[in-house]
Structure formats: C-alpha cells, structure tokens
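The values are calculated or read from the model by the stated rules, or taken from the named source; none is laboratory data. Since this is a predicted model, take the numbers as computed values, not measurements. Cβ placement follows ideal geometry from the backbone for every residue including glycine, while neighbour counts extend to all protein chains displayed. Surface accessibility is based on the protein's heavy atoms, side chains included, excluding ligands, DNA and RNA. Shrake-Rupley method; radii C 1.70, N 1.55, O 1.52, S 1.80 Å.
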Amino acid sequence: MEKKKIAILGSTGSIGTQALEVIEEHADKFEVEVLTANSNADLLIAQALKFKPNTVVIVDVTKFEKVSEALWEHDIKTFTGVDALAQVAAMQETDVVLTALVGYAGLLPTIKAIEGKKTIALANKETLVVAGELITKLAAKNGVHIYPVDSEHSAIFQCLVGEFQNKIEKIYLTASGGPFRGKKKEELLEITKEQALKHPNWDMGAKITIDSATLMNKGLEVIEAKWLFNLQPEQIDVIVHPQSIVHSLVQFEDGSMKAQMGLPDMKHPIQYALSFPYRLTSSSPRFNFMDYSELTFEQPDKETFLNLSLAYEALEKGGNLACILNAANEVAVEAFLNDKIKFLEIAEVNQRCMEQIGFIKTPTYEDYVATDSETRVFANSLIQK
Ligand code: NDP
Ligand code: MG
C-alpha cells in the first residue's frame, strides 16, 4: 500500500483523536496533511506539533491568533473560518478526507472534497442524512469513493467485499439500545443529561451519545445506509443487540447472511476506511468468546423511542424531510444539553418541525441550506416557549 496523505476534519473529537492513534500506529502507511478543529485550540496545537501537517484550520476566529502564533515557526499553515474549512478539504496534496466533524457543518466541506476528487472516509453521517441524493450523485459524477467509518456501515461494507454484483435482500443494522433500553416513556420523563451521556458500550462525542440514547442515531444510520448501499426503506431493518459485538449483517437473495463482529472499538472501522482495500495490523484487544456466553437480539421499541419512527418516515417520504429532521434534532439535542428541554421533548421538537416546515420533493443544494436554517429558527421558537 502506498503511503496516503490524510486530511482529518474534526481532528480534536472522538473520531479525530482515534484516527490519529491509528495513523501513529501506521506511520509508514499514513501521513497527516490537514487537521481542523472548531475551537479546541490547545489540542489542535498539540496535534499539529506532533503530526506536522501541512495545514491546520481553527474555525473559531477568536482562537486563530493563538494557533497561528504557536505554529508559524514550524512551517505549518494556519487558517480560520468556515470557508477555510471547505477550501482545505479540496487541497491538492490530500488523498483521503476523513469527515469527523459533527452535524450539518460537515456538508459543505464534504461537497468540496468530492469536487476535489478526494476519497472520502465518512464519519459525519449527518451529511448523508441531510443531502444523501446530492452527495451520492456528486460522488458518482466525480468518480469518488465514499468509505464508511460508522461501525454498522463499515460492517455492511466489509460483508459486501467480494460479493461483486450479488444483490442485497436486506440489511440488519444492530443497535446497542443505549442506556435506556427496555424503559417506557413514563420512566424517561425526568432523565438528566448526565444519565443520557453514559453510553453502555461506546465512548463518543456528546451529540452522538445523546442521539444513541434517543435512538435518533440509529434513525440517522438507517438513512445513511440507504445512500451508502442504494437500498429501499423495506430493505433496512434495525435489531437491538445490547452487547455490540455483531456490528451489522447483510442478507443476500439466497437467504444467506453475513455478519461482521468484533469488540466495540471505533479504531477498527476508522482504520479500514483509511486502508481499504487492505487490512493492516492492529494492537487493539481481541474478542474472547468466553467473555460473552450470550449474544442477544430484540426488537427496537419505536413507540418509546419515537425518533426511530420519524427517521423511517423521513426515509420513505424523501425530499428535504431528513434535512428537516436533522436540523431539528441538532437544535433539540443542544437545548437538552443546555438544560432547556427535557429528554422526551427532543423527539417532540423533531416531530413538530417535520409537520411544520415546507416539504420539497427534489431539493437543490440551496433548498437544503434554506431548509436547514428555516428549521433551526422554528425549532428554537418551540424551545423558547
Ligand atoms: P466530537 O464532538 O467528539 O468531535 C467533533 C469534532 O468536530 C471536533 O473536532 C470539533 O472541534 C469539530 N466541530 C464541531 N462542530 C464543528 C463545526 N461547526 N465546524 C467545524 N468543526 C466542528 O464528535 P464525534 O467524534 O463523536 O463525532 C464526529 C462524527 O462522527 C459525527 O457525525 C458522529 O455522528 C460520527 N460518528 C462518531 C462515532 C464515535 O464513536 N464518536 C461513531 C460513529 C459515527 P472542537 O473539538 O474544537 O469542538
Ligand atoms: Mg454507528
């Protein structure tokens, strides 16, 4: 495998820092070209001094002076602002862009990276949720591959390697069920953010951890899977698997099923997305059957965890509905993290926005941008009340 130059958008987050651990473990295979952060200047500076990228971006303008002062004598270019983030995504020297930033902010840099013909290692699922049709068409037009980082989608992707054109009958995305699995609405009324931020199996950024607790994360993943693997809604099923060992499954036309398994460890799918089609060594702990006498599976509770039903509705109706759901959810999760709304109100805000905001059957990029801002305004007005 030739050495690849990697741009990490969102290098200071959970995925970004784990990606840097993978790169450090395989310094002969990967080299860091670009690092970006929103506002965590100290960590960005430390990462840049260690990995010596060509360029860094700190989106928060107030942190720019600090970052550029720390890095200029090391010959590392420093930029700030949202436009810079989009521009560096398409930088000439990069081979792979890892989109590890969180939320809608990932959309424009991903578009620019695809237009710049960069291979995409996609962690930022919100990009495909918001504008899956636009992104997949653009990738096809530019001959760009999108390799999934999300563990479930990486599992499906790994199951499909070697299957050539064999048709998928169905996929099963596994879900841990989050910290409130088995609970009913009455028991979720007074959930605190501290409780919701404790995920049983994965250590992740705050937004996705809350999404996992509300099952929004699985809903977003259902939509992500549609675009990555070109599936119809009825071909995508969710099954709760509390141990998070089976990362997802594919069922083919002959009824045969393939699953990908391993301990829950995001470094595995991150590494596979960066090294594909090769597998590299890994020092991560191995699965031991004796530690897991049982692997169990159960139906998700779509009534209690309404977000999963809302995601299927968005998937079936298409258009800008998933963009509405995503924007509403980003606002609602932030409000929950700031103690402005209760846990169950997250899904209520999402549902109200889906009912209220105008539906567009075949949105353009500009329509997505307008839908996103309109939804944020409406969602915030619901929260203020
Ligand atoms: P984190 O919150 O841990 O990290 C987010 C990163 O993006 C940070 O580097 C942050 O910078 C940066 N960032 C945040 N907001 C913006 C913005 N508006 N503009 C530019 N940069 C921004 O998130 P995660 O690593 O957990 O998740 C990243 C993505 O990967 C999400 O889409 C998530 O759904 C997906 N994912 C994550 C998994 C995980 O295990 N964590 C698993 C599967 C998917 P700063 O540090 O300065 O705030
Ligand atoms: Mg996942």
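If residue 155 satisfies all but one of (1) open to solvent by less than 10 Å² (accessible area, probe 1.4 Å); (2) farther than 17 Å from residue 264 by Cβ, what's the number of the condition it fails?
(2) is the only condition that residue 155 fails.
Determine whether segment 76-87 contains at least one residue that is in contact with a helix residue (DSSP H, G or I) (Cβ under 6 Å, 6 or more places away or on another chain) and open to solvent by 40 Å² or more (accessible area, probe 1.4 Å). Walk me through it before giving the result.
If we filter segment 76-87 for residues that are in contact with a helix residue (DSSP H, G or I) (Cβ under 6 Å, 6 or more places away or on another chain), which is where we start, we get 76, 78, 80, 85-86.
With open to solvent by 40 Å² or more (accessible area, probe 1.4 Å) added as a condition, the list becomes 80.
Looking through segment 76-87, at least one residue is in contact with a helix residue (DSSP H, G or I) (Cβ under 6 Å, 6 or more places away or on another chain) and open to solvent by 40 Å² or more (accessible area, probe 1.4 Å).
Within segment 202-213, track down each residue that is surrounded by fewer than 22 Cβ atoms within 10 Å (Cβ to Cβ), farther than 23 Å from residue 120 by Cα and more than 11 Å from ligand 2 (Cβ to nearest atom). Walk me through how you get there before you give the answer.
To start, the set of residues in segment 202-213 that are surrounded by fewer than 22 Cβ atoms within 10 Å (Cβ to Cβ) comprises 202-207.
Filter once more, keeping what is farther than 23 Å from residue 120 by Cα: 202-203, 206.
Answer for segment 202-213, where residues must be surrounded by fewer than 22 Cβ atoms within 10 Å (Cβ to Cβ), farther than 23 Å from residue 120 by Cα and more than 11 Å from ligand 2 (Cβ to nearest atom): 203, 206.
Examine segment 51-64 for a residue that is assigned to a helix (DSSP H, G or I), more than 14 Å from ligand 1 (Cβ to nearest atom) and among the charged types (D, E, K, R), and state whether such a residue exists. Step through it out loud before you land on a result.
As a first pass, look at segment 51-64 and keep what is assigned to a helix (DSSP H, G or I): 51, 61-64.
Now restrict to residues that are more than 14 Å from ligand 1 (Cβ to nearest atom): 51.
This time we only want the ones that are among the charged types (D, E, K, R), so: none.
Taking every residue of segment 51-64 in turn, none turns out to be assigned to a helix (DSSP H, G or I), more than 14 Å from ligand 1 (Cβ to nearest atom) and among the charged types (D, E, K, R).
Taking segment 30-50, which residues are open to solvent by 40 Å² or more (accessible area, probe 1.4 Å) and more than 16 Å from residue 80 (Cα to Cα)?
Kept after step one, since they are open to solvent by 40 Å² or more (accessible area, probe 1.4 Å), are these residues of segment 30-50: 31, 38-40, 42-43, 46, 49-50.
Result: 31, 46, 49, 50.
Whether any residue in segment 214-230 is surrounded by fewer than 18 Cβ atoms within 10 Å (Cβ to Cβ), away from ligand 2 (no atom under 14 Å from the Cβ) and in a loop (DSSP other than H, G, I, E, B) is what I want to check. Walk me through how you get there before you give the answer.
Kept after step one, since they are surrounded by fewer than 18 Cβ atoms within 10 Å (Cβ to Cβ), are these residues of segment 214-230: 229-230.
Subset that is away from ligand 2 (no atom under 14 Å from the Cβ): 229-230.
This time we only want the ones that are in a loop (DSSP other than H, G, I, E, B), so: 230.
Yes.
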